[in-house]
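Student: Structure provided below as structure tokens; questions to follow.
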């Protein structure tokens, strides 16, 4: 890509943020004006110095000195007011833009399908929502404003220098010009290294996260030292990159500080020579020196303002990477409504493959046909990794079928709004996600209007009575910021949550795996009453769970290969016996020695 | 209230002694990271002193030498002085820039060394801290110590530190230059210190308060965000989107409001500095101009004074900002030093015994265990497990099975009594020594990012591909692994979501297999396996456990079939202890459980 198209691209990328800044834009532009005015005031001060210096003789009166000083004072105060004005104009709208973008991103992320979240680690999303957006805010209310104002100031400032002496102005310009080339070159190289260091520190954060979440494994194998060494090596790599960055910065600093000084030194010499020839007054020279000082900061700042702009561009890019993502699983244009669901759930020739699955791989689900009558409960059986969990996720459109259809009471689930569909179908997942809220809120999540009785009933069915004994009973806060619960306890609460939703259709993914045998038996007894009235699809690994269901569907190679009662299948289907029965290959129960 | 370690670290208002204790320990930490680099710090200080002194004297050179001396001489036709001074100026400029540039590089090296030191030290220490600590402190906080808090220190070192020192020195040297050049002008600057002092104090007081508020507000936004994204399935399944959006929107607004407030403080402080600077410069100009008219002051000196005064206040903003980043780095440092102060409740021996080749004989000798909150889990008991024996531990949730297992793998130490391996108290063995002999596999089959092969090799770093494959074969994981897109080289992170819970567990079994320990503990390690996989594992276990000691905890009694001996636990006590056959034949609890289990099978 040539420099030019890259620049056009970057401006176009940055411009995409405009629709979100509509309200803020007028104030940002006014802010630019204020910034420019402040710079102009600063630039005009040396002119009064010239008048003052040139006018001073032994006969000068107090008034003759006071007038220019008052001018200098007035202009200085006005400059400070302009800076205050710029900040006041620009800062608050900037934070509104940031908050607006943050909400937009969050809403979009909640709307994107689970498949998207499978691909994107939450850390990547978080850094977009935090660092990237605050960078955009700073760029809008600071970088952009000053880039424009300082750019114009440099051009006008050069004009002012010319006005004192065209020769000095030219000398200054010629010596300082390479600074911009150096600046541009620096930006290009620095950008790459900065990105590298961002990635490396992201990797370090991942190592930290894994070393903490996997602490039990590391302890059990005594691999703390091993993983620490690896971490130290990675950290040393980051150090190296950071030092490369520092080296680049130090070179830039060298140029940034030495070049203007060289320009000033040469100008001084030439200036004195000009004075001797009568082409410049002492006041002119003083004003010239002073003006270069005023221009010092705008010139210095161009480098980091450009780098900020490039960073902002990356941030905008990263923001739109998420925002441009198609929703994939969307609500229909004209949604149907189902007042009361009977609970007939039908899978018709359902195919499914993950979008990123290699071509050579067959569909994970290749033609599932399954019909659940209202009130019927069906257990889903198959070897690990055969797609049982995926099938359950299709019913609530957490994933979308690749082809075929799923119908509830004869209505294709794609014809319903997602919110409505999910109010009819409640799920309990194998790994139970609870939110940082009270037990009560967690259990009633799917049915906030439920009565106190419903709540107690759901807890009783899931054998989650332990909740009453927590420090603050059902109002105890749980989750990352609250009390930590054991795996079995979490699973029972998640089950209670699904039950409390009182759905027409219940989808349970191996909901009892973390329970001990006795508790499992109690939960099963209680669940039976619920399942009498509810359509249910239950992923099961154990015969005991299978027995909750009226009938069993056996999954194999992406299809349902057998469907019937547990006892029938056990008698007739060899693969079924293989999957569910603890009978050994020889047909013997694995006996105790 | 004790402030030792991580206790009460969330507390905002501290008493005097508490503040003292916390400050002392964070200063100790600071001292310990600075000590190794202290010589270089002096060098870097010398560099920046030199650079700033030069910078300030260059202005002095322009004012007094070039304008006041060389200029009049040149106007009279003698350019020697001008040549001399301008060249001196150029050389000085080059030297000062070179020093600054060198300082940037040198300081970065020091900062990075400090960070590397702190980073690895904290990482190593958290790895050493016991599981009990991790369970109570929660993963979120451990991670935030190692990311956010370290970042705040790095920020201080990177930008704050360098610029603050450079800025401070610049101000000092400018003041000195001004005194030398014209004491009267310096007197005027001194007067300006009065409003400067009040402005800065106002700024610091307000930012400090609001700064803390922003950190709290932003943490809330982050926590809510992460919780939504990691629990997105449940969010969608239970239609939490709308209520989430409302709550998140409020949190975002809270953060915005307090953040805007902090930014606005800068928005007043910065123009305030400019205002003070401009007024002071005007007064200097007025007084100086009058004295020039009287012939008491030269033009160049006046120019020098005005230049000094107008750049004198520039570093103030950096200084004020430094104070903020110092605040946040300091609170990070306080928390980090708290974590580092935590002692592992399971300590390394000072004079370790050496157990060269463990046989696997385990003894519990009058062992009693209670959690640090005093809750007794295991009342005093004695138990002897001969080398090579396979033990099944059964009982309801909370009976103390896992605790017993964790005592053997020394996740905890007993309150009273001894746990011995081949006659050695576990507390006498080094961690490395113990872990070579004892390995535990839990229900939670955590996979680290990297390939499947890497994850298996964690059990034996440096294992060959052949060893890895045969371990996978032994536990029945080989088939599904070869079916993955890249076989053993498949990155578990990229497709980690798609490796089912059962498959994870098989990988973690292979990990244990390759470690080849004398004592193997399986804590609910087969819970997520489906029956065919469990069957494969069972077959594998028969050979795997033949010549080693094993403790197996399982809800499902199928595992008991391969045990030599069954221990039934209830409320922390072992209530039955015999061979499985005898227990089944008897009338005890195990006999009943076994019957119920058999009935449930078909």
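Student: Among (1) modelled with pLDDT of 85 or more; (2) within 23 Å of residue A:393 (Cβ to Cβ); (3) surrounded by 23 or more Cβ atoms within 10 Å (Cβ to Cβ), there is one condition residue A:511 misses while meeting the rest; what is its number?
Tutor: (1)
Student: If you don't mind, another one. Is one or more of the residues making up the stretch B:93-111 modelled with pLDDT under 90, loosely packed, with under 15 Cβ neighbours inside 10 Å and within 14 Å of another protein chain (Cβ to nearest Cβ)?
Tutor: Scanning the stretch B:93-111, I find no residue that is modelled with pLDDT under 90, loosely packed, with under 15 Cβ neighbours inside 10 Å and within 14 Å of another protein chain (Cβ to nearest Cβ), so the answer is no.
Student: Hey, can you tell me all the residues within the stretch A:319-356 that are surrounded by 15 or more Cβ atoms within 10 Å (Cβ to Cβ), over 30 Å from residue A:18 (Cβ atoms) and out of contact with any strand residue (DSSP E or B) (no Cβ under 9 Å at 6 or more places or on another chain)?
Tutor: Of everything in the stretch A:319-356, just one residue is surrounded by 15 or more Cβ atoms within 10 Å (Cβ to Cβ), over 30 Å from residue A:18 (Cβ atoms) and out of contact with any strand residue (DSSP E or B) (no Cβ under 9 Å at 6 or more places or on another chain), namely A:354.
Student: While we're looking at this one, here's another question. Could you tell me which of the residues B:226, B:262, B:258 is crowded, with 17+ Cβ neighbours inside 10 Å, within 9 Å of chain A (Cβ to nearest Cβ) and assigned to a helix (DSSP H, G or I)?
Tutor: B:226
Student: Assess whether residue B:288 counts as being more than 7 Å from every other protein chain (Cβ to nearest Cβ), assigned to a helix (DSSP H, G or I), over 27 Å from residue A:93 (Cα atoms) and in contact (Cβ under 8 Å) with a residue 40 or more places away in the chain.
Tutor: When the stated conditions are applied, residue B:288 passes them.
Student: Please find, within the stretch A:98-115, the residue that is modelled with the highest pLDDT out of those that are more than 9 Å from chain B (Cβ to nearest Cβ) and under 15 Å from residue A:418 (Cβ atoms).
Tutor: Ranking the qualifying residues of the stretch A:98-115, first place goes to A:108.
Student: Report yes if residue A:245 is more than 7 Å from every other protein chain (Cβ to nearest Cβ), assigned to a helix (DSSP H, G or I) and out of contact with any helix residue (DSSP H, G or I) (no Cβ under 8 Å at 6 or more places or on another chain), otherwise no.
Tutor: So residue A:245 does not fit the description; no.
Student: So, one more: Do we have residue A:524 as surrounded by fewer than 21 Cβ atoms within 10 Å (Cβ to Cβ) and within 10 Å of chain B (Cβ to nearest Cβ) here?
Tutor: Taking the combined requirement at face value, the residue satisfies it.
Student: Among the residues of the stretch B:237-255, count how many are assigned to a helix (DSSP H, G or I), closer than 23 Å to residue A:111 by Cα and either more than 7 Å from chain A (Cβ to nearest Cβ) or touching a strand residue (DSSP E or B) at 6+ places or on another chain (Cβ under 9 Å) (or both).
Tutor: 7
Student: Name the single residue that is surrounded by the most Cβ atoms within 10 Å (Cβ to Cβ) among those in the stretch A:252-288 being within 7 Å of chain B (Cβ to nearest Cβ) and within 29 Å of residue A:307 (Cβ to Cβ).
Tutor: The qualifying residue surrounded by the most Cβ atoms within 10 Å (Cβ to Cβ) is A:265.
Student: Just checking: which of the strands (runs of 3 or more DSSP E) contained wholly in the stretch A:371-463 hold 1 or more residues that are more than 9 Å from every other protein chain (Cβ to nearest Cβ), farther than 30 Å from residue A:565 by Cβ and touching a helix residue (DSSP H, G or I) at 6+ places or on another chain (Cβ under 9 Å)?
Tutor: Once the strands (runs of 3 or more DSSP E) in the stretch A:371-463 are filtered for at least 1 residues that are more than 9 Å from every other protein chain (Cβ to nearest Cβ), farther than 30 Å from residue A:565 by Cβ and touching a helix residue (DSSP H, G or I) at 6+ places or on another chain (Cβ under 9 Å), nothing remains.
Student: Let me ask something additional. Return yes or no: is residue A:11 in contact with a helix residue (DSSP H, G or I) (Cβ under 9 Å, 6 or more places away or on another chain), modelled with pLDDT under 85 and in a helix (DSSP H, G or I)?
Tutor: It is true that residue A:11 is in contact with a helix residue (DSSP H, G or I) (Cβ under 9 Å, 6 or more places away or on another chain), modelled with pLDDT under 85 and in a helix (DSSP H, G or I).
Student: Could we say that residue A:78 is more than 14 Å from the chain's Cα centre (by Cα), under 20 Å from residue B:269 (Cα atoms) and facing chain B (nearest Cβ under 10 Å) here?
Tutor: yes
Student: Restricting attention to the stretch A:81-95, which residues are within 7 Å of chain B (Cβ to nearest Cβ) and either within 13 Å of residue B:257 (Cα to Cα) or not in a helix (DSSP H, G or I) (or both)?
Tutor: Once the filter is applied, which keeps residues that are within 7 Å of chain B (Cβ to nearest Cβ) and either within 13 Å of residue B:257 (Cα to Cα) or not in a helix (DSSP H, G or I) (or both), the stretch A:81-95 yields A:91, A:92, A:95.
Student: Now, a different point. Take the stretch A:545-583 and flag every residue that is within 11 Å of another protein chain (Cβ to nearest Cβ), assigned to a helix (DSSP H, G or I) and surrounded by fewer than 19 Cβ atoms within 10 Å (Cβ to Cβ).
Tutor: A:567, A:570, A:571, A:575, A:577, A:578
Student: Could you list, ordered by first residue, the pairs with Cβ atoms under 9 Å in which the first is in the stretch A:342-364 and farther than 16 Å from residue A:392 by Cβ and in the same structural domain as residue A:535 (by TED's automatic domain parsing) and the second is at pLDDT 95 or above and in a loop (DSSP other than H, G, I, E, B), at least 6 apart or interchain?
Tutor: Taking only residues 6 or more apart or on different chains, not a single pair turns up.
Student: Do we find that residue B:435 is within 34 Å of the chain's Cα centre (by Cα), buried (at least 19 other Cβ atoms within 10 Å of the Cβ) and in the same structural domain as residue B:510 (by TED's automatic domain parsing) in this structure?
Tutor: Spelling it out, residue B:435 is indeed within 34 Å of the chain's Cα centre (by Cα), buried (at least 19 other Cβ atoms within 10 Å of the Cβ) and in the same structural domain as residue B:510 (by TED's automatic domain parsing).
Student: In the set B:473, B:420, which member is more than 26 Å from residue A:228 (Cα to Cα) and touching a helix residue (DSSP H, G or I) at 6+ places or on another chain (Cβ under 8 Å)?
Tutor: B:420
Student: Being touching a residue at least 60 places away in the same chain (Cβ under 8 Å), part of a helix (DSSP H, G or I) and more than 9 Å from chain A (Cβ to nearest Cβ) narrows it down to one of B:436, B:427, so name that one.
Tutor: B:427
Student: Which of the residues that make up the stretch B:73-87 are surrounded by fewer than 16 Cβ atoms within 10 Å (Cβ to Cβ) and in a helix (DSSP H, G or I)?
Tutor: Those that are surrounded by fewer than 16 Cβ atoms within 10 Å (Cβ to Cβ) and in a helix (DSSP H, G or I): B:73, B:75, B:80, B:83, B:84, B:87.
Student: Continuing with the same structure: With respect to residue B:459, determine if the residue is outside any helix (DSSP H, G or I), crowded, with 23+ Cβ neighbours inside 10 Å, modelled with pLDDT of 85 or more and assigned by TED's automatic domain parsing to the domain that holds residue B:555.
Tutor: yes
Student: Of all residues being more than 7 Å from chain B (Cβ to nearest Cβ) and buried (at least 19 other Cβ atoms within 10 Å of the Cβ) in the stretch A:64-75, which is nearest to residue A:34 (Cα to Cα)? Just the residue, please.
Tutor: By that ranking, first place goes to A:75.
Student: Now a separate question. Give me a count of the residues in the stretch B:525-550 that are over 17 Å from residue B:503 (Cβ atoms) and touching a strand residue (DSSP E or B) at 6+ places or on another chain (Cβ under 7 Å).
Tutor: 4
The values are calculated or read from the model by the stated rules, or taken from the named source; none is laboratory data. For clarity, every value in this text was computed on a predicted model and none was experimentally measured. Cβ: placed from backbone, ideal geometry, glycine included. Neighbour counts: every protein chain shown.
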